[in-house]
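I have placed the structure first, in the form of structure tokens, so that the comments after it can refer back to it.
The values are calculated or read from the model by the stated rules, or taken from the named source; none is laboratory data. Remember, it's a predicted structure, so these values are computed and weren't measured experimentally. As a convention, Cβ positions derive from the backbone with ideal geometry for all residues, glycine included, and neighbour counts pool all protein chains shown.
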Amino acid sequence: MKKSMLYIGNLLLTVVGAFFLVRLFLTLPFNMPDAVDWFLRVILDICGRDDMANPDDMEVFSVLLYFVIALIIVGFAVFGLNVVLSQRLAKWRGHR
């Protein structure tokens, strides 16, 4: 039970952190970079969905791409935080 709550807490922290990171990123005034546009068009071409490469869909796909990248970044941060906290907790329990 304790471990499953830790996993759920980590997952919730990662998703919420990624959501707020993407929200922060989307408040910046900029156009979609050409590299992101090219990457999304290549992925759509590989998937055989060239009909979805219109400007409206590309903006939504870019937000989804940014969310996936934010999930990876925040996931690594949460993992690092778990490692540091578990080491500190083990050290604290050892000196007791």
Hey, Val42 surrounded by fewer than 14 Cβ atoms within 10 Å (Cβ to Cβ) and more than 17 Å from the chain's Cα centre (by Cα) or not: yes
Search result, residues across region 30-43 that are modelled with pLDDT under 90 and touching a helix residue (DSSP H, G or I) at 6+ places or on another chain (Cβ under 6 Å): Met32
Selection count where residues are among the hydroxyl-bearing types (Ser, Thr, Tyr) and within 16 Å of the chain's Cα centre (by Cα), scope region 1-15: 1
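Could we say that Val68 is modelled with pLDDT of 90 or more, surrounded by 15 or more Cβ atoms within 10 Å (Cβ to Cβ) and not polar (S, T, N, Q) here? It would help to see each step written out before you state the result.
Numbers: modelled with pLDDT of 90 or more: yes; surrounded by 15 or more Cβ atoms within 10 Å (Cβ to Cβ): no; not polar (S, T, N, Q): yes.
No.
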Single residue of region 72-92 satisfying the filter (touching a residue at least 60 places away in the same chain (Cβ under 8 Å) and within 10 Å of the chain's Cα centre (by Cα)) that is surrounded by the fewest Cβ atoms within 10 Å (Cβ to Cβ): Gly75
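Yes/no per residue for (1) in contact with a Phe, Trp or Tyr (Cβ under 9 Å, 6 or more places away or on another chain); (2) more than 24 Å from Leu6 (Cβ to Cβ):
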{"position": "Phe20", "(1), (2)": "no, no"}
{"position": "Pro29", "(1), (2)": "no, yes"}
{"position": "Phe61", "(1), (2)": "no, yes"}
{"position": "Phe67", "(1), (2)": "yes, no"}
